[in-house]
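Taken together, the values in this text are just the output of simple stated rules run on the coordinates, not laboratory data. Note that the structure is predicted; figures quoted are calculated from it, not measured. Backbone-built Cβ (ideal geometry, glycine too); neighbour counts: all protein chains shown.
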Amino acid sequence: MNTFEKISLGLFPTPLYKLENMSRELGTNVWIKRDDMCGVMLGGNKVRKLEYLLMDAKKKGYELVMTTGQAQSNHAMLTAACALKCGMECVLVLKKRGITELKGNQILNHLMGVEVEFVDSDSYDDVYKRMDEIAAQKGKEVYKIPCGGSTGLGSLGYIDCMKEIAQSGIEFSHIVVPCGSGGTSAGSTLGARIFMPDTRVISVAVDTDPFEKIVGGIMEETGELLGADVDIPEIDLELMAGPGYSIPSKEGIEAISLMMRLEGIVLDTCYTGKAFAGLVKRARKGCFGPDDNVLFVHTGGAAGLFAPDWEKI
């Protein structure tokens, strides 16, 4: 495979261990990969992607980085943290959707002193247009990172993650990952095919976008970058979107509470709570055997847990 330069931003490999109490509860061997403990802010999957994306920006001479997402975007917060760590200026141009007040990830953005601007539109075209306007005002060229860092280059971070898992020596029957913009699912599904061909990756969708097409396209792009002689696998998708993207769901909240009670681990309402709910759903349906090893990839996002008004949920 082709290899690519990256900036060292996180503490990798992240911890991987068995959840004994959860395993007894669900009747299968449940393991966790703690990408929430990667060492940047409160952690998360985006750091792996940003190691490649920010290296690309650096090599091309960019000093200004912008990205987007909704108001409580964990990706946006981590992009700002990593860009600042690399000595680059960062502006977050976010959709005015979700909780825009000084709560959750917006507290972290505020304390970092990062510039945040909200665009009252559902169109990313409007967001990228505003990025160009801000860059022109600053007199700088801007390196734009799309929502979630979900590009072929960014997804190389989860090729790395699957290699780490394979090097653990533990044989996993299934790996469960959240799916919101598609990059983590793409890198995980393709990486597992390369390093653990007998392992099935389950992507738990937290939105109703056409992820088969989105993830498949990113996998093709990543495969072309790698130059790897590997078939592009189909995505195994579990839909746990609930009432909508970034909106807490009943199943997600139950999964968050279960993980806290049994293992003392914090999940979030946008991604990991819903993703773990997908794992619990399949376990309760008997989809995993008592001797299976099922790995949950914790992709971070804990700050978002403190954004909603819980008295109204």
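Before moving on, here are some points about what is shown:
- Largest-first principal axis extents of the Cα set of the chain (Å): 60, 52, 33
- Percent of C-alpha pairs per 5 Å bin, the stretch 46-149, short to long: 2, 14, 27, 25, 21, 9, 2, 0
- Karplus (6.51, -1.76, 1.60) ³J(HN,Hα), θ = phi - 60°, over the stretch 24-30, in Hz, Gly and Pro reported as x: 5, 5, 9, x, 8, 7, 9
- Calculated FRET efficiency for the pair ASP292/MET260, C-beta based, R₀ 35 Å, to 0.05: 0.90
- Cleavage-rule hits (trypsin sites (Lys or Arg not before Pro)) in the stretch 218-313: DSSP loop, at most 12 neighbouring Cβ within 10 angstrom: LYS285
- Note on LYS163 and LYS85: with the Förster distance fixed at 35 Å, the Cβ-Cβ geometry gives a FRET efficiency of about 0.90.
- Among the listed pairs LYS49/LYS281; LYS18/LYS144; LYS33/LYS129; LYS274/LYS312; LYS49/LYS285, a Cα-Cα separation exceeding 31 Å is found for LYS18/LYS144; LYS33/LYS129; LYS49/LYS285.
- DSSP-assigned coil residues among GluC sites (Glu not before Pro) in the stretch 156-245, each with at most 13 further Cβ atoms within 10 Å: GLU171, GLU234
- Efficiency of FRET from Cβ geometry, ASP309 and GLU20, R₀ 30 Å, rounded to 0.05: 0.30
- The stretch between ILE232 and LYS138, if pulled fully straight at 0.36 nm per residue, gains 29.7 nm over its current Cα-Cα span.
- The label point for ASP198 and the one for GLU117, both projected 7 Å from the Cα toward the Cβ, are 5.4 nm apart.
- Its DSSP H runs of at least 4 residues, each contributing -39,500 (n - 2.57), put the calculated 222 nm mean residue ellipticity of the chain at -12500 deg cm²/dmol, to the nearest 500.
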